[in-house]
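Just below is one structure, and these are the notes that go with it.
Read the figures in this text as sums done on the coordinates, not as results from a lab. Everything numeric here is computed off the predicted structure, so don't read it as measured data. Here the Cβ positions follow ideal geometry from the backbone for every residue, glycine too, while neighbour counts run over all protein chains shown.
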Amino acid sequence: MKVKEKEGLTVKVDLKSKFTGALIGSAVGDALGAPVEGCSMEKVRSVYPEGKGWEMVYGRYTDDTEMMIGVAESLIKNKGFNGAAMARTFVHNYDEKRGYGPGSKEALKRIREGESWEEASGKLFGGKGSYGNGAAMRIAPVGLFYYDNAEALREIAHKSSIITHSHELGKEGAALQAFAIALAVRGQKEDMLFELKEFVQHDVYKEKIGRMEILLAKDANRKEIIVGLGNGEAAFNSVPTAIYSFLRFDHFNDSVTYAVSLGGDTDTIGAMTGAISGAYYGDGVIPNGWGEKLEEGGKGKSYIKRLAEELYHSKGL
Ligand code: RVK
Ligand code: MG
Ligand code: MG
């Protein structure tokens, strides 16, 4: 049981609810942001008017959730990380209609055609590898599975990233997002930035955490967040924004709504904010309308919920 303070009341959020909250929260954030991915913040407002409770438009998730499902399936089936098996799972689940990033699409094609999961992605972007947010957007199951072991979490976040993202900044973005989820599971919101700063190894992310501290200390407007933290597809321009969106508010829906309202890579920043927020508050706070609208079918919300429960039980809890 985790205990946290909410509006002066002590509220208990059980661990199983946090696991479910992280995975369903991620899928809900993805589906909420999907219809406005790539839009300016002004355009987002024309789809989701300011001041009103946001209604989910379609409830269909994208590549972010499809890959997150693959990470969870592989961790459960293999009782931990197995790179070849996780890569096979990504290839098996791949559905182009979910809208994959070009680097991930190419890496999975190379693996499908026989290249090794450890080498395929290193050939992308002129041999530098991708620093896109595609490894961070799917990392929630790693944050849950290794929530109580920071060094194992870092190692597996990096290794699972390599399947599609071998650039240091892509791997580190995934580790940072995974550790934010782990801290949220542990109920550590007040000292999250302090812990993240201790954890993170790359200067680009250390600097973004410093900016987050400054922006959280004042009533920053959206433009300042977009300029200071970013809202794009690079991991360093979206993972810090998701963590900021979680920390700025006290409710799941406020954080996720804010993340999407910034425009840009809305499905992904929504998914990452939803994963951290759901891991902190548990699945009970996810607005009913959003949960109900989230797609069902073969691998829809019931399946994602089952994966969260299996991840929880696979830790021997
Ligand atoms: C469609 C230069 C680089 C780079 C490098 C840039 C889905 C490229 C999800 C690249 C997410 C983009 C998104 C994204 C996830 C990366 N040099 N530019 N070394 N590394 N970039 O292609 O899976 O929406 O412009 O690896 O990370 O919802 O195209 O894909 O929004 O970042 O895609 O990186 O994308 P990719 P990804
Ligand atoms: Mg997407
Ligand atoms: Mg996206």
Query raised in the report: Three principal axis extents, largest first, for the C-alpha atoms of the chain, in Å?
Result: 54, 41, 40
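Once you sort the root eigenvalues of the Cα gyration tensor of the range 136-191 as a ≥ b ≥ c, which label holds: rounded (a/c under 1.5), prolate (a/b larger than b/c) or oblate (the other case)? The partial results should precede the final answer.
Details: a/c = 2.23, a/b = 1.86, b/c = 1.20.
Prolate, because a/c is 1.5 or more and a/b exceeds b/c.
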Report task. Quick one: check the C-alpha center-to-center distance for the range 63-140 versus the range 230-260, whole angstrom. Result -> 23
Report task. Determine the principal axes of the Cα atoms in the range 181-317, then give the extent along each, sorted from largest to smallest and rounded to whole angstroms. Result -> 41, 32, 26
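If you add up the charges near residue 151, with Lys and Arg at +1 and Asp and Glu at -1, over every other residue whose beta carbon is less than 14 angstrom from its beta carbon, what do you get? Don't skip to the answer; put the middle values down first.
Values: positive: 154, 159; negative: 148, 155, 195, 198.
Charge balance in the 14 Å sphere: -2.
Stretched out fully, how many nm does the piece from residue 46 to residue 250 gain, at 0.36 nm a residue minus the Cα gap? Mind showing how you got there, number by number?
Values: separation 204, 0.36 × 204 = 73.44 nm, distance 2.54 nm.
Full extension of this stretch gives 70.9 nm more.
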Query - Exposure proxy ranking, count of Cβ atoms within 10 Å, fewest first, for 81, 249 - result: 249, 81
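Could you give the size of the charge dipole of the range 165-237 about its Cα centre, using +1 on the Cβ of each K and R and -1 on the Cβ of each D and E, expressed in debye and rounded to the nearest 20?
The calculated dipole for the range 165-237 is roughly 180 debye.
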Report summary line: Checked the range 145-224 with the C-alpha gyration tensor, a ≥ b ≥ c its square-rooted eigenvalues, rounded below a/c of 1.5, otherwise prolate if a/b is larger than b/c and oblate if not; verdict oblate
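Nearest 0.05, what FRET efficiency do residue 223 and residue 203 give at R0 = 25 Å with Cβ-Cβ as r? Let's see the in-between values first.
Values: r = 25 Å, r/R0 = 1.00.
Using R0 = 25 Å, I get an efficiency of 0.50.
Using only the Cα atoms of the range 5-110, build the gyration tensor, take square roots of its eigenvalues as a ≥ b ≥ c, and label the shape rounded, prolate or oblate: rounded if a/c is under 1.5, else prolate if a/b is larger than b/c, else oblate. Can you show the working numbers first?
Working: a/c = 3.17, a/b = 1.20, b/c = 2.65.
In terms of gyration-tensor shape, oblate.
Can you give me the relative contact order of the range 28-170 as a percent, contacts being Cα pairs under 8 Å and 6 or more apart? Spell out each step's value before the answer.
On the way: 176 pairs, mean separation 33.5, N = 143.
Dividing the mean separation by the residue count of the range 28-170 yields 23 percent.
Quick check: net charge around residue 296, other residues with Cβ under 13 Å of its Cβ, Lys/Arg +1 and Asp/Glu -1?
Details: positive: 60, 293, 299, 301, 305, 306; negative: 292, 295.
Net charge in that neighbourhood comes out at +4.
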Query - Approximate spin-label separation residue 92-residue 55, in nm, with each point projected 7 Å along Cα-to-Cβ - result: 3.9
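Within a Cβ distance under 15 Å of residue 83, other residues only, what is the Lys/Arg minus Asp/Glu net charge? Numbers along the way, then the final one.
Working: positive: 77, 79, 88, 110, 138, 159, 171; negative: 73, 115, 118, 119, 155.
Combined, the nearby Lys, Arg, Asp and Glu give +2.
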**Report entry** Test item: Cα-centred dipole of the chain, Lys/Arg +1 and Asp/Glu -1 on Cβ, debye
**Finding:** 340
Query raised in the report: By average Cβ neighbour count within 10 Å, what is the ranking of 290-297, 141-148, 305-312, 61-68 from highest down?
Result: 61-68, 141-148, 305-312, 290-297
